[in-house]
Every structure is written in C-alpha cells, then in structure tokens.
C-alpha cells in the first residue's frame, strides 16, 4: 500500500498566524546569535581552564599562535556552538510549527539511487564552484575585504593542519556541520521559505542564505551554488539525507586535504586553483545529466509511492512536497 508522509501545521507559531518567511528569518537570526554566543562562551571557559592569557584572543598578531596551540578547544567550541546554536533551535522552531516535526523537516528514508546521484552531482559541482570562486575572488574587492578574507583563511588553515586523528577531524568539521546546518537551512528554513516563495523560491532562498551565513564575502556566490544544489536535493528527494551526505562529503574532502597536505598546503592557494577547461566542461555536462536523471527518474525511486505534494497552506496540515 502506498505510504504517505504527512504532517500537521498545528504548532504554537501556526496559531499566531506568523508568516512562514518571517518565522524563517527569526529562526536564522536566533540561531546566528546563539551560535556565536555559545561558541564564544565555551571558548573563553576552556581557554581559562587551560590557564591561557585571554589577551591573546584579542591580539591579531598573537591569534595565529593561540589557534595553533589551542586548535582542539577552538574546534570543540565550534562544535558545541553548532549543536546548541543551530541544530537545537532548528528542531525547536520546527516543533513550534508542527507536532509532526520529522516529516516537516523531511527527515525520512531515501533510496540509494538518490544518494549515489547526489555524490556524483557533488563531484561534478566542485570544479564549477571552484571556477566561480576564482572568478569572484578576482573582482576588485576593497582592501578591507581582502584583509578579512586572508585572516579567515589563515585561521582555517591553522585549524585544519593540526595533528588530529582523521576521525576526530571529520567528526568535528564535517559530520557535525552536515547534521546541524542541514536541519536548520534545508530542514526548517527551506520548508518555511517554500511555503511563502514557492518551491524554486524556497530553494534559492535557502541556498543564498547558506552562502551568506558563512560570512565569506568573496566566496558567497560559490557557497550559495553549493547551498542551492543541496536545497534542490532536499526538495527532489523529499529527504534531508542526500543534502547531509553531500555536506559531509564536501567538508570531509576539505578536512582531508588540510590533514594530509600539511606544510605544502601553505604554498598552494586551493581556492584559487583552476581546473583545466576540459574538466570544467565535462563537469557541467555530468552535473546537468545527473540532475536531469534525478529530476525525470525520481518517481521510480520514491519509497513505495510515498508522496510529498506541494506544501500545505497556512491554514492547515497536509502532504509533503
């Protein structure tokens, strides 16, 4: 018998008639402030527990040395911040809109064909994202933007090149963001945006917000492309799992590069690396073919005919889209 995944819009925020898009924006602002605040507090507590002089955190010249010596607590602080600042608020906001919060967030099983196509799509997307990043990085940005970006990259490289186990690095820098960020962006925010902006409006909104949320001015567009791709996967497959897998694979790739490149990474600007034109063209063809296959063939892979019709309106519950 066909299995239908349904949910009700019966939460407190639904009874207040709060606009879905406004709810998404409030959720984003709340999550951003909580993530930044919790991460900072945990970092300060762990730093003091180690007896480190807190003034080193405020000294731009001493900050790289601090990160190199205390990268473990920086990563741990970021992880705690993501769990309590992104994941839990995303779950709470979803519950405030629906008692059926798992279907609401599209946390459901998915066929292996979708997962395979998602990874193939990511591999094809990487050269496109890289090319886009190089293109936008070459624009005449103000010097303060350049200085900010260089400082961010230096901090990231200091953390990535530490001598941590690969399991620890992937768990903290890939698995945790894949779960926490996807529940918030592709689970809650995209769902709410689709209710007000329509399916494609919700996909684009979720992707662009994801790109901007990382506070990397020159890389906002390529990050948005990645976000839009993951948003499309979430809608097309009716599940968060493909987007989580893509997010995990993408971050794991970066973490592994940082882990094994070591000192050589400091001599190579990975973000400015240019793929040969033939690779870029082939990647675009594979990406288009993968998404066409997923878009046209998805009906054959959806679990036992389960449906996720268009989002319910603001006045009641309904089937998934």
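For the range 170-195, name all the residues that are over 19 Å from residue 13 (Cβ atoms), at pLDDT 95 or above and crowded, with 21+ Cβ neighbours inside 10 Å.
Answer for the range 170-195, where residues must be over 19 Å from residue 13 (Cβ atoms), at pLDDT 95 or above and crowded, with 21+ Cβ neighbours inside 10 Å: 176, 178, 180, 181, 182, 186.
Taking the stated definitions as given, is residue 239 crowded, with 19+ Cβ neighbours inside 10 Å and more than 30 Å from residue 138 (Cα to Cα)?
Numbers: crowded, with 19+ Cβ neighbours inside 10 Å: yes; more than 30 Å from residue 138 (Cα to Cα): yes.
Yes: the conditions hold for residue 239.
Residues in the range 62-77: is at least one farther than 25 Å from residue 157 by Cβ, surrounded by fewer than 21 Cβ atoms within 10 Å (Cβ to Cβ), within 19 Å of the chain's Cα centre (by Cα) and at pLDDT 90 or above? Outline the logic, then answer.
Going through the range 62-77, the residues farther than 25 Å from residue 157 by Cβ turn out to be none.
No, the range 62-77 contains no residue that is farther than 25 Å from residue 157 by Cβ, surrounded by fewer than 21 Cβ atoms within 10 Å (Cβ to Cβ), within 19 Å of the chain's Cα centre (by Cα) and at pLDDT 90 or above.
Across the range 103-122, what is the total count of residues that are in contact (Cβ under 8 Å) with a residue 40 or more places away in the chain and either farther than 30 Å from residue 8 by Cα or assigned to a helix (DSSP H, G or I) (or both)?
Residues that pass the stated criteria total 11.
Taking only the range 240-285 into account, find how many residues are outside any helix (DSSP H, G or I), at pLDDT below 75 and either closer than 14 Å to residue 174 by Cα or touching a helix residue (DSSP H, G or I) at 6+ places or on another chain (Cβ under 8 Å) (or both).
Here is the first cut: in the range 240-285, the ones outside any helix (DSSP H, G or I) are 240, 268-269, 273-276.
Still in the running and at pLDDT below 75: 268-269, 273-274.
Going one step further and asking which of them are either closer than 14 Å to residue 174 by Cα or touching a helix residue (DSSP H, G or I) at 6+ places or on another chain (Cβ under 8 Å) (or both), we end up with 268, 273-274.
Matching residues across the range 240-285 total 3.
Looking at the structure I just gave you, is residue 57 under 19 Å from residue 153 (Cα atoms) and at pLDDT below 90?
Numbers: under 19 Å from residue 153 (Cα atoms): yes; at pLDDT below 90: yes.
So residue 57 fits the description; yes.
Go through (1) under 26 Å from residue 253 (Cβ atoms); (2) surrounded by 18 or more Cβ atoms within 10 Å (Cβ to Cβ) one by one and return the number of the condition residue 136 breaks.
Answer for residue 136: the failing condition is (2).
Working only within the range 4-53, note down all residues that are in a loop (DSSP other than H, G, I, E, B) and loosely packed, with under 13 Cβ neighbours inside 10 Å.
If we filter the range 4-53 for residues that are in a loop (DSSP other than H, G, I, E, B), which is where we start, we get 4-5, 8-11, 16-19, 50-53.
Across the range 4-53, the qualifying residues are 16, 17, 50, 51, 53.
Have a look at 211, 198 and point out the one that is on the phi > 0 side of the Ramachandran plot, part of a helix (DSSP H, G or I) and surrounded by fewer than 24 Cβ atoms within 10 Å (Cβ to Cβ).
Answer to the check: 198.
If a residue counts only when it is over 23 Å from residue 92 (Cα atoms), which helices (runs of 4 or more DSSP H) contained entirely in the range 136-195 have at least 3 such residues?
Numbers: elements: 143-160, 166-170, 176-182.
The qualifying helices (runs of 4 or more DSSP H) are 143-160, 166-170.
The values are calculated or read from the model by the stated rules, or taken from the named source; none is laboratory data. Being a predicted model, the structure only gives us computed values, none of them experimental. Using ideal geometry, Cβ is built from the backbone for each residue, glycine included, and neighbour counts are taken over all protein chains shown.
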